[in-house]
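Trainee: Could you have a look at this structure, given as structure tokens, before my questions?
The values are calculated or read from the model by the stated rules, or taken from the named source; none is laboratory data. Predicted, not measured: the structure shown is a model, and the values here were computed from it. Cβ coordinates were reconstructed from backbone atoms using ideal geometry, including for glycine residues, and neighbour counts include every protein chain displayed. For accessibility, only protein heavy atoms count, side chains too; no ligands or nucleic acids. Shrake-Rupley method; radii C 1.70, N 1.55, O 1.52, S 1.80 Å.
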Amino acid sequence: MQNIQLLNFDGQEVIDSRDVATMVGKSHAHLNRDIAGYKRDISTNPKLDPLTFFIDSTYKDKKGEIRKNYLITKQGCEFVANKMTGKKGNQFTAEYVNLFNRMKQQVTNPMELIYQQWDIPRTYGGALQLAANQAELLEKQKPKVEYYDSQMRNPGLMTTTEIAKDYGWSATRLNQELRRRRVIYPQGSGRHKVWVLYRDFAGRGYTQYEAFTYEKGNTTGMHNNLKWTQKGKKFIYDLLAEDGIRPTLERMDLLEG
């Protein structure tokens, strides 16, 4: 469990299928094959969305070649665990439950998470040492920072997660709301899988795509991430307002009035 970590994808915690394969004692290729079968079974029920359990992804292996993997949600881990029996199934259940619960505890105590993550010093001498360490780290990270500046930063765009927070929702819930209203739908597979606007809403300046990367060990995966313009955010606001769904701050103002 020491090297197993939760990743954050579109506002929800997920585990890389390579880690899950290690946890359940399977080869990654065999787990990928099983998950592909699970997704086919889930897809036959129109009330279920495979993305709730398993998210298509890719990574670069040590040779720089693109390989298939999945990002597995907590529900996906439950699905995998239910397919297992005996000691291994029980151990995997205990491991992933502990992993997600530990993250939940950290989120409920954000200041402690900040101290743990950044190792904030409690003395002046410690602060000086931290400053020196950070300067060295920034120099090492310069190529990544430059990539971020060129590929990711656009203050005029907002992620689904940012917009969803206005309503007290997760990005997953907002995506599902927009999908139910036939605004967006998932398209493609593997590294090419993205959220796409339906034809009626395309070309109106609501969205743009930006590169989304995540790192796992010495490998890097990349996706195209759908982001919303300010015009797109206003469109979502008006669309939800038609059903009486308002941002949290507006609901608070109405209560105070």
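Trainee: Can you name the condition, by its number, that Phe235 falls short on among (1) out of contact with any Gly (no Cβ under 9 Å at 6 or more places or on another chain); (2) open to solvent by less than 50 Å² (accessible area, probe 1.4 Å); (3) aromatic (Phe, Trp, Tyr); (4) at pLDDT below 90?
Mentor: Here Phe235 clears every test but (4).
Trainee: Looking at (1) assigned to a helix (DSSP H, G or I); (2) crowded, with 17+ Cβ neighbours inside 10 Å, can you tell me which one Ile15 breaks?
Mentor: (1)
Trainee: Tell me, which residue of segment 152-169 that is more than 15 Å from Pro247 (Cβ to Cβ) and surrounded by 12 or more Cβ atoms within 10 Å (Cβ to Cβ) is modelled with the highest pLDDT?
Mentor: Within segment 152-169, the match that is modelled with the highest pLDDT is Thr159.
Trainee: Run down Arg67, Arg102, Arg40 and say which single residue is of a type outside the set (A, V, I, L, M), modelled with pLDDT of 85 or more, open to solvent by 40 Å² or more (accessible area, probe 1.4 Å) and part of a helix (DSSP H, G or I).
Mentor: Testing whether each residue is of a type outside the set (A, V, I, L, M), modelled with pLDDT of 85 or more, open to solvent by 40 Å² or more (accessible area, probe 1.4 Å) and part of a helix (DSSP H, G or I) leaves just Arg40.
Trainee: (1) at pLDDT 90 or above; (2) assigned to a helix (DSSP H, G or I); (3) under 23 Å from Asn8 (Cα atoms): which one isn't true of Leu51, the others all being true?
Mentor: In the conditions (1) at pLDDT 90 or above; (2) assigned to a helix (DSSP H, G or I); (3) under 23 Å from Asn8 (Cα atoms), Leu51 misses (1) alone.
Trainee: Counting only residues that are under 21 Å from the mean Cα position of the chain (by Cα) and open to solvent by 80 Å² or more (accessible area, probe 1.4 Å), which one in segment 43-64 is nearest to Arg180 (Cα to Cα)?
Mentor: Leu48
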